[in-house]
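The numbers here are math on the coordinates, done by the rules we state, and not lab data. Values in this document were obtained by computation on a predicted structure and should not be read as measured data. A quick note on method: Cβ atoms are made from the backbone with ideal geometry, for glycine too, and the neighbour counts reach across all protein chains shown.
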Amino acid sequence: MANTHLVGSVSLNSSEEVFRTAMKYLKGSMRRIPDGETGERWNWFQFQAELMAEVDGIEWGEPRAHPSPNPTYEVYPQLILTRPATEIDLPEELRYAQPAIESYQNFCMLRKEGVIDENVRFQMCLPTPLAFVSAFLAPEFHEEFEALYEKALLNELQKVFAVVPHADLAVQWDVCVEIMMLEGALLHNFGDKALDEICNRIVRLGSQVSDAVELGFHLCYGDYKSEHFKQPEDLGLLVNVANRFKQEVSHPIAWFHMPVPIDRSDDDYFAPLTALRIDETELYLGVVH
C-alpha cells in the first residue's frame, strides 16, 4: 500500500475513535496520524475567533466582503481592537495544547495495545498566525495584533514540546489563507510582496519547531462548506510555494500536501510538478475525497 496522509480534520467524535478508525483502514501505510481536530476544533480556527471575542479589548465589528470567486466565502465576521494590542492580555490557553496532550495520551494507550504502529508519529495541526489574523481581524489591526497572537500560539506549541517526546511528534502548519492571498481571493496589505511576506513568516514558524520534531505543510484551497474558495487551474502556484518554503526554511521539511479537485485527473493539472524541487521531502496529493 502507498503511503497515506490525513491532513487534519476527521468527522468522528473523539481522538480515540479517529485513531482506531484510521488504523483499521490504513494500518501499515501511515507515517503520522492527527487526532481529527474533534470537538470545538472541527471548523478549523473558527473557535479562535469566538475565544478572542471574549477578551477584554476585542469585540465583533462589521462583516467584511472579500473577492473570492466562490460566493460561500464572501463574508467573514471581523474582530476589532478597542485598545492597543500592547494593552491586551490574551488567554493563557488558546485551547490547542491541552487537546493535543490529551490526544497524545490516547495515542500512547493505543500504541501500547498494538492498534497504532510503533513507527507512527502523533501529528499536531495548526493554522498559521497570519491565517487567523488575516481572516478574522479588521485590516487596520493586522500588524499590531499578529505579533501578539503569534507569540501566544507558539507558546501553545512549546507546551506540547514540553510533554510529548519529540521523536513521537510531527507538526503540520496549515497554509490556506496564504494561498487565498496569492490567488487574489483575500485582500491584504502586502502588495506584490505577498509571497515574500508569507515566506518570512513560514521561516520564523519553522525555526520554532524542535530539531527532532517532524515538520510538514498542508497547502490548501479551503474546505468551507465542503468547497474550495477557488478551483485551482493547476498545481503551478503550489509548486512555486513549496519550492520557496523548501529553499528558505532551515528545519528539514518532512512533507507537503497539495489538493486535487475531485474532477481533475488530466495531465494539465499535474504538469507543474515537473518543476517541483523538494528533494527527499514527501509529497502527498489529495486524490481521496
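Below are the figures for this structure:
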read-out: Sequence of TRP173, TRP60 once ranked by neighbouring C-beta atoms within 10 Å, starting from the fewest; value: TRP60, TRP173
read-out: Descending semi-axes in whole angstrom, ellipsoid equivalent of region 1-149, from the Cα gyration tensor; value: 35, 18, 12
read-out: Per-peptide average of other Cβ atoms within 10 Å, ordering 228-238, 111-121, 18-28 highest first; value: 228-238, 18-28, 111-121
read-out: FRET efficiency, 1/(1 + (r/R0)^6) with R0 30 Å, evaluated for LYS151 and LEU26 via beta carbons; value: 0.25
read-out: Free-standing Cys residues across the chain, given no other cysteine C-beta under 4.7 angstrom; value: CYS108, CYS125, CYS199
read-out: Table column - 3J(HN,Hα) (Hz), region 262-276, Karplus curve with 6.51, -1.76, 1.60, x for Gly and Pro; value: 4, 9, 10, 9, 7, 4, 4, 5, 8, 3, x, 4, 5, 9, 6
read-out: ³J(HN,Hα) computed for each position of region 127-142 - Karplus, 6.51 cos²θ - 1.76 cosθ + 1.60, integer Hz, glycine/proline x; value: x, 6, x, 4, 4, 5, 5, 5, 7, 10, 9, 4, x, 5, 9, 4
read-out: 37 °C / 0.692 mPa s Stokes-Einstein diffusion coefficient of region 126-220, Kirkwood radius on C-alpha pairs, µm²/s; value: 233
read-out: Mean Cα-pair separation over length for the chain, i.e. relative contact order, pairs under 8 Å, 6 or more apart, %; value: 16
read-out: Radius, Kirkwood style, for region 15-286 when every pair of distinct Cα atoms is counted (Å); value: 19.6
read-out: GLU93 paired with LEU273, simple spin-label distance in nm, labels 7 Å along Cα-to-beta-carbon; value: 4.3
read-out: Where only C-alpha atoms are counted, convex hull volume of region 131-289 per residue in Å³; value: 128
read-out: Given charges at Cβ of Lys, Arg, Asp, Glu: the chain dipole, positive-most of TYR25, MET124, MET181; value: TYR25
read-out: Derived scalar couplings ³J(HN,Hα) [region 15-29; Karplus, 6.51 cos²θ - 1.76 cosθ + 1.60; whole Hz; x for Gly, Pro]; value: 5, 4, 5, 4, 4, 5, 5, 4, 5, 4, 9, 10, 4, x, 10
read-out: Highest to lowest packing among 274-283, 204-213, scored as the average C-beta count within 10 Å; value: 204-213, 274-283
read-out: At R0 = 25 Å, FRET efficiency that the Cβ-Cβ distance of ASP263 and VAL115 yields, to 0.05; value: 0.10
read-out: Under 5 Å, built H, 5+ apart or other chain: amide partners of MET30; value: THR4
read-out: Long-range amide H partners of GLN78 with built H, under 5 Å; value: GLY61, ARG64
